[in-house]
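Contents: one structure, followed by commentary.
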Amino acid sequence: MQINHSFIAIAVACLAAGCTFQPNYERPVAPVAAAFPASGVYATQPAAAAGDSANGRAAVDIGWREFFADPRLQRLIDIALVNNRDLRVAVLNVDAARAQYRITRAQLFPAIDAKGSNSVQRLPLDLSPSGQTISREYQVGLSASWEIDFWGRIRSLKDQALEQYLSTAQARKAAEISLVAQVANQYLQMLAVDDLLKITDDTLKTAEASYSLTKLQFDNGTGSELDLRQAETVVEQARANREAQARARAQAENALVLLVGEPLPDDLPAGRSLDDQRLLTDIPAGLPSDLLTRRPDIMQAEATLRAANANIGAARAAFFPKISLTSSFGTASPTLGGLFKAGSAAWTFAPQITMPIFEGGQNLANLDLANVQKRIEVAQYEKTIQSAFREVADDLAARATYDGQIGALERTTFAQSRTLDLSQLRYKNGVDSYLQVLTAQTNLYTVQQSLINARAARLENLVNLYVALGGGWIANTGDTPRPADAPAMDGAPSAPTAASSATPAKAAG
């Protein structure tokens, strides 16, 4: 008897202390260098133009409305944050994870049900102690059941569900930030194609004029067929390029419509050209350790790791006795009319303890599985950090080199333009053949396309670096960051219900 009292005392003390068998969580050491690369190709980071500086602020503190100055792009991002279907799914996944957490959490409390029953039984006369072959019983009352969580099994499952919820909330945050970048990059691609179409139209117009001239000379017998066919080749190549670019322009707009989630409105504000986007170019990279609290994908991976850690506690608790209480209270009577008469009260109280003795190795296998899953999540968490480090390092390398590449292409464009002018002059004076003119014209067209593509890639690099450093979650600089599980941006945020504003909503920031 003394043993039973000691066991009960230990169990009550454990319950009061809220003990579980979860391992103490320790964040894995980030498997990356302590700082981003700063020498060699990374050394020459661009300075900001007047009015386009981040002023030393981190990306997470810069609103995307300040980073993107184009009013047309700002409006497109606004619409996408309301209508994009992938983002809607991400928000609904958060709601589903919140509901799952509440389901698991409810197991910590007693379940109380009202019930009524009627049973009819017939026994042979020689087996009926009352001498009646048919007996009836009516019952009405309340029943309650409760598993006393002495060893923290349910609390561990609750913690696991909470961390899965937090992981889903961070995944939603990552989806929203990614959407901002996707809309911006797709918009920049459209502007780049527009510029490509413009130089193609200019090239085609010049080529057609040259072709008309060579054809006139050929028809008059003063020009060769070789010059004519070479001029015709340039014209047809420009026409083919224009068709390809027109197709690319239409497909780029279709991709933007998909991201925005609705047809592009007719009342969009006027936008800026590709060369006038004026994105912030000097956002500081900070330290790799800053990414742990700034990048939602890393916080998502860590929450998933914490969930795996909590699951070990539930697997360990399965080795210990499970204690549950079942009781009922109400009235019982052989007749319906006697249910509420004096003396009809009925109750039961049935505590139960279940001690695992032989499970065929199931509990041990579950614990092994939980430990392996945690090691998997550790590796996934470390890989997420490494991928984030690589993204930022790649973007820093690109930011340091694009200005030099664009400067070289601009000088090449000027040189090719002068080459074309001189080739035309030498051809008119009979010094060179028409092939020199066509070669210069083709080279100028090629370098003009390369220059436009490089300018677009530079802007996309700045967008990607802004997002890689954790930017894009707040709309305006100075805004208080929303929790990761905040409602979708559909105008005024909806007020949380009493159920949804419980622990998860406070913990998912």
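The values are calculated or read from the model by the stated rules, or taken from the named source; none is laboratory data. Since the model is a prediction, treat every value here as computed from it, not as a measurement. FYI the Cβ positions are ideal-geometry reconstructions off the backbone, even for glycines, and counts take in every protein chain you see.
Looking across region 427-445, the residues that are touching a helix residue (DSSP H, G or I) at 6+ places or on another chain (Cβ under 7 Å), in a helix (DSSP H, G or I) and not hydroxyl-bearing (Ser, Thr, Tyr) come down to 435, 436, 437, 438, 440, 441, 443, 444.
Exactly one residue among 369, 364 is at pLDDT 85 or above, surrounded by fewer than 15 Cβ atoms within 10 Å (Cβ to Cβ) and in contact with a helix residue (DSSP H, G or I) (Cβ under 8 Å, 6 or more places away or on another chain), and that residue is 369.
Can you tell me which residues in region 61-80 are of a type in the set (A, V, I, L, M), crowded, with 20+ Cβ neighbours inside 10 Å and assigned to a helix (DSSP H, G or I)? Within region 61-80, 73, 76, 77, 80 qualify. Exactly one residue among 246, 238 is surrounded by fewer than 16 Cβ atoms within 10 Å (Cβ to Cβ), at negative phi and over 24 Å from the mean Cα position of the chain (by Cα), and that residue is 246.
Take the conditions (1) of a type outside the set (A, V, I, L, M, F, W, C); (2) at pLDDT 95 or above; (3) assigned to a strand (DSSP E or B); residue 300 misses just one of them, which is (3). Looking only at residues of region 258-293 that are in a helix (DSSP H, G or I) and in contact with a Gly (Cβ under 9 Å, 6 or more places away or on another chain), we find that the one that is surrounded by the most Cβ atoms within 10 Å (Cβ to Cβ) is 291.
Among residues of region 274-291 that are among the basic types (Lys, Arg), those with a beta-carbon under 7 Å from a residue that is modelled with pLDDT under 90 at least six positions away or on a different chain give the pairs 278/52. Scanning region 116-172 for residues being assigned to a helix (DSSP H, G or I) and charged (D, E, K, R) gives a total of 7.
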